[in-house]
Every structure is written in structure tokens, then in C-alpha cells.
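Trainee: Okay, handing you the structure first.
The values are calculated or read from the model by the stated rules, or taken from the named source; none is laboratory data. Please read these numbers as outputs of a predicted model, since none were measured by experiment. All Cβ positions, even for glycine, are placed from backbone atoms using ideal geometry, and neighbour counts span all protein chains on display. Note: areas computed on protein heavy atoms with side chains; ligands, DNA, RNA excluded. Shrake-Rupley method; radii C 1.70, N 1.55, O 1.52, S 1.80 Å.
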Amino acid sequence: METYLPIPEVAPRKTGNTAFGCPRDFLDNRFIYTVISPRARGLSVGVNMNPDKFCNFDCVYCEVNRAEPALESKLDVGVMVVELERTLELVHSGRVRECPCYRRLPEDLPQLRHVTLSGDGEPTLSPNFAAAVEAVIHLRARGRFPFFRLVLVTNATGLDRFQVERGLSLFTSRDDVWVKLEAGTQDYLNRVNKPECTIEKILENILYLGRQRPVIIQSLFPAIDGEGPSAGEIEAYVQRLKELKDAGAQIPLVQIYSATRPTPHSECGHLPLRTLSSIARQVRESAGLKAEVF
């Protein structure tokens with residue numbers, strides 16, 4: 001019988017009184033949104049690469065309600081870059097603090113940390129991924145705003161696509177790729193992420209990119225019906241990380257966190273800090289990697 005990591009009490013998801021629990025704010029845009037992210041340590045401006053909600057995962061913690069029809073059929077790169085420029089102006093002018101979620105925040109939190117390629121699905125599956133990256137980097141190169149870091153958040157399944165490789169070739173060493181790995185076994189991957197691929201495919205793509213440039217690992221561990229991952233599952237997950245590192249993947253950081261934003265899945269909850277800290281400790285001790293809890 002599996003043993004499970006201790007969960008004295010599954011913490012309720014508080015979203016109303018903290019900016020970190022607020023949903024994304026599209027600010028009347030079609031493709032650009034803002035959000036306060038603990039992993040960004042402040043304000044992230046996001047590009048919704050999948051306004052059609054297309055994703056090859058169906059994560060239990062996902063905040064996107066796919067029962068509701070999508071408002072857009074595809075990313076319009078021309079409109080997106082105009083919205084991004086307008087939103088960056090809003091942020092750098094300080095007017096973003098007029099938004100309800102941001103009014104009472106400490107002075108430094110609503111300052112821009114990075115621009116994220118993410119959204120309502122898997123960004124590497126966007127049919128115009130390379131064009132979107134080129135447009136954002138061209139806007140950055142114009143120099144109207146201070147340099148901003150570009151971050152791709154991905155489940156790794158599309159990292160070997162030609163268009164994605166072309167887009168990532170434009171990333172500088174100051175830009176980041178955050179890759180999700182939230183399981184050590186196929187069974188748990190199927191339970192949490194419900195993917196259309198194997199865990200081996202995900203690991204192969206992480207290793208492929210990680211040998212070329214540093215990749216930050218993102219690992220969200222939810223409570224599902226009040227239950228966290230088993231001790232055996234975490235052991236398998238940590239072993240996967242160690243294997244990636246030993247095979248040559250450059251992993252400067254592993255981000256350990258839990259579900260915080262509103263989700264249409266009522267069975268999904270937040271793990272307590274004690275459990276997340278235990279996972280991070282095992283990553284440090286057994287995989288020899290830096291791990292932080294968010």
C-alpha cells in the first residue's frame with residue numbers, strides 16, 4: 001500500500017484578499033493580460049498564445065474553463081503586439097495600480113518582472129509561435145521600454161517542433177524557459193495532467209532543450225480530493241530530476257508550489273507549506289538541485 005506525504009489539513013484556496021490569488025486581468029485586451037505571480041515575484045504581463053483554449057493537457061488545477069466557448073479562434077499577432085505595447089505603457093506609467101487587485105499592494109509588486117508566453121493552452125502548440133516571439137522581441141528591441149525578460153511557460157511537449165525551435169533561437173541568455181514536470185510516473189501524470197503523450201516524451205524534450213540552455217522546472221502539486229502525492233510518487237519525481245541533471249540538462253532552479261488560482265475543478269485544493277517544503281528538501285538532498293517553495 002502506498003504511503004502519502006503528511007497533510008495535516010488541506011489549506012482552503014483564498015482568492016479574494018490576496019493579489020497572488022487574483023485571476024488574470026485582460027484589461028479589455030483580447031490577447032494580453034496582467035497577473036501578480038509569486039514565481040515572477042511581482043507583476044507578469046502575459047501573452048495568451050492559445051485564445052482558442054487548445055491544449056494537449058487537461059490539468060486538474062487549470063484555471064481555464066473549457067466548458068465555456070473560446071472568444072477567439074487564433075492569436076492575431078498584429079493585434080497582440082499593439083496590446084502589449086499599450087499594456088507595457090500602462091505598467092511603466094504606474095496606472096496599472098488603478099486596477100482593483102493592485103490598488104493596495106506594496107510599491108514594488110506591480111512593477112514589471114517579465115513578459116510571459118503562456119495563456120489558455122499549451123503555447124508551443126500555437127500555429128504562429130515563431131511569429132509571436134519575433135513580434136515581442138522586435139518590440140523589445142525598439143527600446144521604448146526598459147529591457148524586459150521573456151519567459152516561455154510550457155509543458156515541454158512541443159519543444160521539438162521546428163517553429164518552436166525557431167522562436168527559441170531568438171531568446172537571449174537573459175530570457176527563460178519554465179518547463180512543467182509534475183510527476184515521476186505515468187500513472188500520476190495521467191491523474192494530474194491528463195496528457196496526450198507519455199512521460200518519456202516530456203523528459204526527452206526537457207533534456208533536449210536543457211542541454212542547449214538552462215531550463216527552470218515548474219512543479220505544481222495539488223491536493224486532489226484532500227490527498228497529496230504519495231511518498232513513492234515524490235521519490236520517483238525526484239529521481240527523474242536527478243536523471244535529467246546527470247544526463248546534462250542545465251536546471252538552475254526547481255519551483256515547488258500548489259494550486260492558488262480559482263479553478264472549475266472542485267476536487268482540486270492547495271497543499272500546505274509543510275508538504276511543499278518536504279518535497280523541496282528532497283529535491284535538494286537527493287537530486288542536488290536548487291529548489292524554492294512558492
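Trainee: Could you tell me whether P110 is more than 17 Å from the chain's Cα centre (by Cα), outside any helix (DSSP H, G or I) and surrounded by fewer than 18 Cβ atoms within 10 Å (Cβ to Cβ)?
Mentor: Criteria not met by P110.
Trainee: If you take the residues of the stretch 30-59 that are open to solvent by less than 30 Å² (accessible area, probe 1.4 Å), in a loop (DSSP other than H, G, I, E, B) and at pLDDT 95 or above, which of them is nearest to D225 (Cα to Cα)?
Mentor: So the residue we want is C59.
Trainee: Let me ask something else. Spot the failing condition for S93; the list is (1) in contact (Cβ under 8 Å) with a residue 60 or more places away in the chain; (2) under 20 Å from L43 (Cβ atoms); (3) of a type outside the set (A, V, I, L, M), and only one is missed.
Mentor: (1)
Trainee: Only one of T116, T124 is closer than 16 Å to L150 by Cβ, in contact with a Ser or Thr (Cβ under 7 Å, 6 or more places away or on another chain), in a helix (DSSP H, G or I) and open to solvent by less than 60 Å² (accessible area, probe 1.4 Å); which?
Mentor: Answer to the selection: T124.
Trainee: Could you identify the single residue in G232, G226, G248 that is more than 19 Å from E63 (Cβ to Cβ), at pLDDT below 95 and not polar (S, T, N, Q)?
Mentor: G226
Trainee: Given the conditions (1) over 15 Å from the mean Cα position of the chain (by Cα); (2) touching a residue at least 60 places away in the same chain (Cβ under 8 Å); (3) open to solvent by less than 10 Å² (accessible area, probe 1.4 Å), and given that I224 satisfies all but one, which numbered condition is not satisfied?
Mentor: Just one mismatch for I224, condition (3).
Trainee: Is one or more of the residues making up the stretch 136-151 at pLDDT 95 or above, within 20 Å of I256 (Cα to Cα) and of a type outside the set (F, W, Y)?
Mentor: Yes, the conditions are met somewhere in the stretch 136-151.
Trainee: With respect to the numbered conditions (1) touching a strand residue (DSSP E or B) at 6+ places or on another chain (Cβ under 6 Å); (2) in contact (Cβ under 8 Å) with a residue 60 or more places away in the chain; (3) in a loop (DSSP other than H, G, I, E, B), which one is the sole condition not fulfilled by R261?
Mentor: Of everything listed in (1) touching a strand residue (DSSP E or B) at 6+ places or on another chain (Cβ under 6 Å); (2) in contact (Cβ under 8 Å) with a residue 60 or more places away in the chain; (3) in a loop (DSSP other than H, G, I, E, B), R261 misses just condition (1).
Trainee: With the structure loaded, tell me whether Q218 is open to solvent by 20 Å² or more (accessible area, probe 1.4 Å) and within 27 Å of R166 (Cα to Cα) or whether it fails that test.
Mentor: No, not satisfied.
Trainee: On the basis of being under 29 Å from V35 (Cβ atoms), modelled with pLDDT under 95 and surrounded by 18 or more Cβ atoms within 10 Å (Cβ to Cβ), does A280 make the cut?
Mentor: Criteria not met by A280.
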